[in-house]
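Quick one: the structure is below, and I'll ask about it shortly.
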Amino acid sequence: MTNAATTRAPKRHDLGDLRLMMRIRHLELRLHELYADGLLGGTTHTCLGQEYVPVTLAPLIRRDDDVFSNHRGHGHFLAHGGDLRSLLAEILGREGGASGGVGGSQHLRAGRFRSLGVQGQSLPVAAGAALHHQHAGAGGLACVYVGDGTWGEGAVYEALNLAALWSLPLLVVVENNGIAQTTPSAAHTAGSIGRRAEAFGVRHVRLDDMRPHVLRPVVTPVVAGVRSGTPAVLEFRTVRVGPHSKGDDTRGEAELQRVRAADWFRSGPAGEREWDEVSDAEAERVGRAIAEVLARPEARWS
Ligand SMILES: Cc1ncc(C[n+]2csc(CCOP(=O)(O)OP(=O)(O)O)c2C)c(N)n1
């Protein structure tokens, strides 16, 4: 198990990373407003606070890799090459959505990127995709995003077992935000994710920083190792800044204050010249996309 907390790196974000993080942030903020205004049907789970995780990994994942996302997948989708308007159209049930506008927030598809909300289901499927990549021999991998609460699903361990046994190119990305819906991790996880991975002989790296340019040099060799058959678990220690879904946040004020203080969006500006400029530009970009998508006809079942 490695603890990869680093504090000596330069402060500045890469501009491309910052733009993408801001785009995801402003999208997620607007989705809560759209829901409140009755313009978003069904449900949605935002990744507020966690945007930097897929942004860190994005340049390391190839278009021919398989990416499996979960219920909190908007940031994953955008970071792994999904289009903003097709995401919005899917969430808002309009024409041109990533899954025809009838799947909604949890059913996104772009190339070899797919999301589904059933916890734990994706790990065995990702292990199967990793087996395919192993057979194909082109250095591809399967990357799967899960939350800490999902480690309560037995399928996680079946997949880890086979990944280790067969040396599968499987990258498990854990966004450990310390809570599963309303249950704090301490109330649902005995031991630790690191020790559980270790029990199968699967490499585990814990990541405490929240800046892509600091994290990327740490995860790059791990991803390269996965491509050559050393499966790995990357555990990002992160925060869920928003509610679980729409208005369902049961955390007390003290905990919410701790979480907000750790949010990259609030704690970032020191030494970042372009922060406000990039934030405003991305907010505007998201606003334009929403206006355009809302003007489209509703998606139809065919
Ligand atoms: C098999 C299954 N059981 C229950 C749910 C309902 N559910 C959706 S998200 C969630 C909590 C997930 O927690 P975690 O894995 O920590 O991810 P987070 O929401 O914190 O990102 C639950 C219980 C589900 N989607 N799938």
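The values are calculated or read from the model by the stated rules, or taken from the named source; none is laboratory data. Keep in mind that this is a model prediction, so the values were computed, not measured. When we count neighbours, we look across all protein chains shown, and the Cβ atoms used for this are built from the backbone with ideal geometry, even at glycine.
How many of the residues in region 69-116 are touching a residue at least 60 places away in the same chain (Cβ under 8 Å), within 16 Å of the ligand (Cβ to nearest atom) and within 12 Å of Thr44 (Cβ to Cβ)?
In the first step, residues of region 69-116 are kept if they are touching a residue at least 60 places away in the same chain (Cβ under 8 Å); the result is 69-70, 72-73, 76, 84-85, 87-89, 91-97, 100-102, 104-106.
From the residues that got through so far, the ones that are within 16 Å of the ligand (Cβ to nearest atom) too are 69-70, 72-73, 76, 104-106.
Narrowing further to those that are within 12 Å of Thr44 (Cβ to Cβ): 72-73, 104-106.
Here the count works out to 5.
Considering Gly49, Gly38, Gly16, Gly42, which residue is under 19 Å from Ser115 (Cβ atoms), loosely packed, with under 15 Cβ neighbours inside 10 Å and either modelled with pLDDT under 95 or among the small types (Gly, Ala, Ser) (or both)? Full working, then the answer.
Working: Gly49 fails: loosely packed, with under 15 Cβ neighbours inside 10 Å; Gly38 fails: under 19 Å from Ser115 (Cβ atoms); Gly16 fails: under 19 Å from Ser115 (Cβ atoms).
After ruling out the rest, the residue left standing is Gly42.
Which of the numbered conditions does Gly103 fail, given that it passes all the others? Conditions: (1) crowded, with 20+ Cβ neighbours inside 10 Å; (2) modelled with pLDDT under 95; (3) not aromatic (Phe, Trp, Tyr).
(1)
Which numbered condition in (1) in contact with a His (Cβ under 9 Å, 6 or more places away or on another chain); (2) on the phi > 0 side of the Ramachandran plot is the only one that Gly229 fails?
With (1) in contact with a His (Cβ under 9 Å, 6 or more places away or on another chain); (2) on the phi > 0 side of the Ramachandran plot applied to Gly229, the lone miss is (1).
Still on this model: Determine which member of the set His32, His45 is within 16 Å of the ligand (Cβ to nearest atom), touching a residue at least 24 places away in the same chain (Cβ under 8 Å) and under 14 Å from the mean Cα position of the chain (by Cα). Quick ask: steps written out before the conclusion?
Numbers: His32 fails: under 14 Å from the mean Cα position of the chain (by Cα).
On inspection, the qualifying residue turns out to be His45.
Considering region 233-264 alone, what residues qualify as being of a type in the set (A, V, I, L, M) and either out of contact with any helix residue (DSSP H, G or I) (no Cβ under 9 Å at 6 or more places or on another chain) or over 23 Å from Cys143 (Cα atoms) (or both)? Steps first, answer last, please.
Here is the first cut: in region 233-264, the ones of a type in the set (A, V, I, L, M) are 233-234, 239, 241, 254, 256, 259, 261-262.
Once the filter is applied, which keeps residues that are of a type in the set (A, V, I, L, M) and either out of contact with any helix residue (DSSP H, G or I) (no Cβ under 9 Å at 6 or more places or on another chain) or over 23 Å from Cys143 (Cα atoms) (or both), region 233-264 yields Val241, Ala254, Leu256, Val259, Ala261, Ala262.
If Asp249 meets every condition in (1) closer than 19 Å to Glu33 by Cβ; (2) at pLDDT 95 or above apart from one, which number is that one?
Among (1) closer than 19 Å to Glu33 by Cβ; (2) at pLDDT 95 or above, the lone unmet condition for Asp249 is (2).
Can you tell me which residue among Asp280, Asp249 is over 25 Å from Arg216 (Cβ atoms), assigned to a loop (DSSP other than H, G, I, E, B) and free of Cβ contacts under 8 Å to residues at least 40 places away in the same chain?
On the way: Asp280 fails: assigned to a loop (DSSP other than H, G, I, E, B).
One residue alone meets the criteria, Asp249.
Got a number for residues in region 189-227 being of a type in the set (Ser, Thr, Tyr) and more than 18 Å from Trp151 (Cβ to Cβ)?
The first filter runs over region 189-227 and keeps only residues of a type in the set (Ser, Thr, Tyr), leaving 189, 192, 220.
Keeping just the survivors that are more than 18 Å from Trp151 (Cβ to Cβ) gives 220.
Adding up the residues that qualify gives 1.
Now for a separate question. Pairs please, first residue from region 120-142 and farther than 16 Å from Val223 by Cα and touching a residue at least 24 places away in the same chain (Cβ under 8 Å), second anywhere and among the acidic types (Asp, Glu) and surrounded by fewer than 20 Cβ atoms within 10 Å (Cβ to Cβ), Cβ atoms under 9 Å, 6+ apart in sequence or on different chains.
Gly120/Glu153; Gln121/Glu153; Leu123/Glu153; Leu123/Glu158; Pro124/Glu158
Take Glu272 and decide whether it is farther than 30 Å from Gly139 by Cα and assigned to a helix (DSSP H, G or I). Please lay out each step first, then the result.
Numbers: farther than 30 Å from Gly139 by Cα: yes; assigned to a helix (DSSP H, G or I): no.
No: the conditions fail for Glu272.
Looking only at region 203-244, how many residues end up being farther than 20 Å from Thr56 by Cβ and over 19 Å from the mean Cα position of the chain (by Cα)?
2
Taking the condition of being more than 11 Å from the ligand (Cβ to nearest atom) and either within 15 Å of the chain's Cα centre (by Cα) or among the polar types (S, T, N, Q) (or both), how many residues in region 124-151 meet it? Give the derivation first.
If we filter region 124-151 for residues that are more than 11 Å from the ligand (Cβ to nearest atom), which is where we start, we get 124-144.
Add one more test, that the residue is either within 15 Å of the chain's Cα centre (by Cα) or among the polar types (S, T, N, Q) (or both), and what stays is 134, 142-144.
Qualifying residue count for the region: 4.
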